[in-house]
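Notes follow the structure.
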Amino acid sequence: PAAEAGLYTASDQIVLLSEQNVGSVLVNSSAAMVVEFYASWCGHCISFSPIYKKLARDIKEWKPAVNMAAIDCAADENVKICTEYKIRGYPTVKFFHANSSANSLGTPYRGFSRDVRELRHMIIDSLESPGDPWPPACPPLEPTSEAEINNFFETNTVQNLALIFENDKSYIGREVTLDLLQFENITVRRVLDTEEHLVSKLGVTEFPSCYLYYPDGQFERLVVKFEVRTFYVYALQRLPGVVRSGKPPSVFTELLKNRTEEPWRDFNSSRVYMADLESALHHSLRVELAFQSVINGQALTALKDYISVLSKYFPGRPVVMNLLKSLNSWLRNQNKGPISYKAFRERVDNTAQVPDAALPEGVRWVGCQGSQPHFRRYPCGVWTLFHVLTVQANNIGGSEPKEVLNAMRNYIHNFFGCRYCADHFENMAREGLDVVTTLPSAVLWLWYRHNRVNNRIAGDLSEDPFFPKIQWPSPEMCPSCHTVKNNGEHSWNEAQVIPFLGSHFSSSRILTDYLE
Ligand code: FAD
């Protein structure tokens, strides 16, 4: 309950401190910890909380080296802890180095900034403060030398060495090193512009710039749209052989291609496939809904709205559209309360024999295939389906901007099998649907929230290592969607994202390969 009442929740990538966990989180931790002591009633804390959350999302990849926590000192049960840590004012942010002892009070940040970039730099400075124990999972952050690089491949089995050339004031090299800390097969090191021999050997003229260095002494410049942190990270995470730590190596395609029970279907990961959309419909209408033998009240309204939106905006084949339309008119006539799933299912299977109407049986995942059977598939199909529907409503001019999103929200809330996904999604919808006032803003809302989910679950066990969660689309897919602010921070060019989504999910670009 205290966590609920505070300014943060478990999905903010922030450890919620309590009497129960404070000992294990702050004492002898292998990662350094940044901790905010706040009071939920304090105005400064309330206005700082979005910045702290943004920082947590921004450096979530750094967790094994430096993690973030928060505690609400206004909650009765936390007063003792906040007193022990000698908290005098709110918010207080403290740094605890790795392996802190039980009597460590941490080092408070004084007059700390409210700018995510500056906070990030401040954390790096703390990590590097001389004499403090180094978190074991933290890679070296100090500049490397030509001699060290020359020996690198003798002492390492890593295939990719990325060198970021920069001046000593720049934090980019250290940030990217930390951003890639949870990835295998890549080492990132910073090289200072004063390392003259190496600079002239590689012909480096721009600082920062990034070079890939190979075991045979060859090197090449990493090509990015902007020489800033985010673009280096996007590019480096996608190098061949780079995978999240602890995930299997990249021999999977051959294995999968040889699997007999379900053949691997080659696909283009920057396209949308009708086979995925039909598979999602099959699973939704014949499997997920089947769990409710009687559909009534709010759930029935949700089902009606869902089918109505599908019958209007699903860009399906004529037979599928005929089926959805017949389903929709049948549902509209069921105005007297509960319907049985059985009766609904008969309509889905077209036992009424409406001419030329059918939804193909079974699933046939293509763009939503996973490297293992428990990865991707249906949830991937659901996202794709709803992006297509918001885009389609925008392209053909739907009547109500929130129509598709409300239908999605209520479908997810009432039926989506992943209950914690449904709860998270409901929270996002509750917080933010007001901003949706036009059809394009509905398209953008779903894109933005989907990226929020991607950010939150990147690296989780549910992530397919071969389809890492990224802030989508990558600069490769849509260069113009990405831009940088004056201070080098990444930002989205939303005016370009809308047309990109409009085209990516448009009915005319959906591929029909692998359909029956
Ligand atoms: P997905 O995230 O399913 O995306 C499918 C495809 O959409 C991608 O391959 C890409 O081509 C495209 N795409 C990616 N990002 C965007 C974007 N921002 N805008 C438009 N298109 C994009 N899993 C959890 O573990 N925890 C959760 O809380 C959770 N909540 C979920 C809530 C909903 C409503 C849904 C539908 C799913 C949720 N999931 C959750 C599942 C998770 O989001 C993924 O769907 C699943 O892990 C499969 O991931 P994927 O790699 O196939 O990509």
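The values are calculated or read from the model by the stated rules, or taken from the named source; none is laboratory data. This one's a predicted model, so the numbers in the text were calculated from it and none came from an experiment. Backbone-built Cβ (ideal geometry, glycine too); neighbour counts: all protein chains shown. Each accessible area value is taken on the protein alone, full model and side chains, heavy atoms only, with ligands, DNA and RNA left out. Shrake-Rupley method; radii C 1.70, N 1.55, O 1.52, S 1.80 Å.
Okay, residues lined up against (1) in contact with a Pro (Cβ under 9 Å, 6 or more places away or on another chain); (2) in contact (Cβ under 8 Å) with a residue 40 or more places away in the chain; (3) open to solvent by 30 Å² or more (accessible area, probe 1.4 Å):
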{"residue": "135", "(1), (2), (3)": "yes, yes, no"}
{"residue": "179", "(1), (2), (3)": "no, yes, no"}
{"residue": "186", "(1), (2), (3)": "no, yes, no"}
{"residue": "192", "(1), (2), (3)": "yes, yes, yes"}
{"residue": "202", "(1), (2), (3)": "no, no, no"}
{"residue": "210", "(1), (2), (3)": "no, yes, no"}
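Against the numbered list (1) assigned to a helix (DSSP H, G or I); (2) closer than 23 Å to residue 73 by Cβ, residue 118 comes up short only at (2).
The single residue among 426, 403 that is within 14 Å of the ligand (Cβ to nearest atom), among the acidic types (Asp, Glu) and open to solvent by 10 Å² or more (accessible area, probe 1.4 Å) turns out to be 426.
Among the residues making up region 451-494, those that are within 11 Å of the ligand (Cβ to nearest atom) and loosely packed, with under 15 Cβ neighbours inside 10 Å are 460, 461, 462, 472, 477. Applying the criterion of at least 1 residues that are more than 23 Å from residue 509 (Cβ to Cβ) to the helices (runs of 4 or more DSSP H) found wholly in region 270-350 leaves 297-313, 318-332, 341-348. Looking only at residues that are in a loop (DSSP other than H, G, I, E, B) and buried (at least 21 other Cβ atoms within 10 Å of the Cβ) in region 367-385, which one is nearest to the ligand (Cβ to nearest atom)? Applying the filter and picking the extreme gives 376. In the set 423, 464, only one residue is among the acidic types (Asp, Glu) and free of Cβ contacts under 8 Å to residues at least 60 places away in the same chain; that residue is 423. When each of 12, 72, 76, 58 is tested for being in contact with a helix residue (DSSP H, G or I) (Cβ under 9 Å, 6 or more places away or on another chain) and either within 16 Å of the ligand (Cβ to nearest atom) or of a type in the set (Lys, Arg) (or both), the lone residue that passes is 12. In this entry, residue 449 is excluded by the filter for residues that are among the basic types (Lys, Arg) and either farther than 30 Å from residue 311 by Cβ or out of contact with any Gly (no Cβ under 8 Å at 6 or more places or on another chain) (or both).
Among the numbered conditions (1) within 9 Å of the ligand (Cβ to nearest atom); (2) buried (at least 16 other Cβ atoms within 10 Å of the Cβ); (3) under 26 Å from residue 282 (Cβ atoms); (4) of a type in the set (A, V, I, L, M, F, W, C), the only one that residue 511 does not meet is (1). In region 412-423, the residue that is most open to solvent (accessible area, probe 1.4 Å) out of those that are more than 9 Å from the ligand (Cβ to nearest atom) and part of a helix (DSSP H, G or I) is 419.
Scanning region 150-170 for residues that are touching a strand residue (DSSP E or B) at 6+ places or on another chain (Cβ under 9 Å), open to solvent by 30 Å² or more (accessible area, probe 1.4 Å) and not hydrophobic (A, V, I, L, M, F, W, C) turns up 156, 159, 167, 168. Scanning region 484-513 for residues that are outside any helix (DSSP H, G or I), in contact (Cβ under 8 Å) with a residue 40 or more places away in the chain and either touching a strand residue (DSSP E or B) at 6+ places or on another chain (Cβ under 9 Å) or closer than 14 Å to residue 447 by Cα (or both) returns 484, 490, 505, 510, 511, 512, 513.
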